[in-house]
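Below is one structure, written out as structure tokens; comments come after it.
The values are calculated or read from the model by the stated rules, or taken from the named source; none is laboratory data. Remember, it's a predicted structure, so these values are computed and weren't measured experimentally. Glycine also receives a Cβ, built like all others from the backbone with ideal geometry; neighbour counts cover every protein chain displayed.
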Amino acid sequence: MKIFIDTANVEEIKEASDYGLIDGVTTNPSLIMKANKDGKSFKNIVSEILKTVNGPVSLEVVSENSNEMIEQAVKLHNLGDNAVVKIPMTLEGLKAMKTLKKKEIPVNTTLIFNPLQALLAAKNGAMFVSPFVGRLDDIGEDGMAIINQIKAIYTNYNIKTEVLVASVRNPVHVLRAALMGADAVTIPYDVIKKLALHPKTDEGLSKFMSDWKKVSPDGTLPL
Ligand code: G3P
């Protein structure tokens, strides 16, 4: 399962990349807004992200009109070979995707909330679909249930579009995504860190370190 980081904060991307876990990045206008608080321009933010990461970096269009989406998508993709364009799952978005497929610009269809939307996005050539599981949980639904449904539909028709689980809020979302065979998950930095941690790991390590001091009082490995 590919792990993407869901942020436009370059420091977070660099730190998470140091752990060797990051296969790509996803951003959206709200995440750019947070990264832009210190006055950094949109172009500087995205250029730095595209340089920092080898894998796909999703950058979102900011129009609801298909012609403008296409225009913006071309500009965004020109920023880097690894730039994937996020297009919202709307009728205008579908129109834009049809043209972007011809232009061979990779698309991540965003704001997916049911499996039929994911089917339509795949038919129009999306490289990724982003179902927002946390936002479905927010309204009392089981967001992860649609991942199983999308996977089943894609398997039925041998669809190659990758299921990128988004709006991830906790490690259980990630666990369920892995059990369901999601192709990728995009995860906020604080949740990525939580994946690695367990109190019994900390407790065990602390015991090993204190026992080792009884063998080697300065704590070194005497070799
Ligand atoms: O990348 C988009 C998605 O992950 C948004 O998450 O937490 O704002 O619902 P959230």
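Provide a single number: the residues in the range 171-185 that are surrounded by 15 or more Cβ atoms within 10 Å (Cβ to Cβ) and part of a loop (DSSP other than H, G, I, E, B).
Number of matching residues: 3.
When only residues in the range 168-185 that are touching a residue at least 60 places away in the same chain (Cβ under 8 Å) and in contact with a Gly (Cβ under 8 Å, 6 or more places away or on another chain) count, which is nearest to the ligand (Cβ to nearest atom)?
The residue in question is 168.
Given the conditions (1) crowded, with 21+ Cβ neighbours inside 10 Å; (2) modelled with pLDDT of 95 or more; (3) within 16 Å of the ligand (Cβ to nearest atom); (4) in a helix (DSSP H, G or I), and given that residue 12 satisfies all but one, which numbered condition is not satisfied?
It fails just one condition, (1).
Check whether at least one residue in the range 192-214 is polar (S, T, N, Q) and under 29 Å from residue 120 (Cβ atoms), and report yes or no.
Within the range 192-214, none of the residues are polar (S, T, N, Q) and under 29 Å from residue 120 (Cβ atoms).
Hey, could you check the range 154-177 for residues that are of a type in the set (Gly, Ala, Ser) and out of contact with any His (no Cβ under 9 Å at 6 or more places or on another chain) and say which is farthest from residue 58 (Cα to Cα)?
Ranking the candidates gives 177 first.
Against the condition within 16 Å of the ligand (Cβ to nearest atom) and within 23 Å of residue 159 (Cβ to Cβ), how does residue 89 come out, does it pass?
yes
In the range 152-170, what residues are exposed (fewer than 14 other Cβ atoms within 10 Å of the Cβ) and small (Gly, Ala, Ser)?
Listed by number, the list holds a single entry, 152.
Residues of the range 24-54 being touching a residue at least 12 places away in the same chain (Cβ under 8 Å), within 15 Å of the ligand (Cβ to nearest atom) and not β-branched (Val, Ile, Thr), which ones?
Within the range 24-54, 24, 28, 29, 31, 34, 35 meet the criteria.
Working only within the range 73-100, note down all residues that are without any contact (Cβ under 8 Å) to a residue 12 or more places away in the chain and over 20 Å from the mean Cα position of the chain (by Cα).
75, 78, 91
Checking residue 149 against (1) crowded, with 20+ Cβ neighbours inside 10 Å; (2) under 24 Å from residue 187 (Cβ atoms), which test does it fail?
(1)
Filter the range 186-199 down to the residues that are surrounded by fewer than 22 Cβ atoms within 10 Å (Cβ to Cβ) and either free of Cβ contacts under 8 Å to residues at least 12 places away in the same chain or in a strand (DSSP E or B) (or both) and list them by number.
Residues satisfying the conditions are 190, 193, 197, 198, 199.
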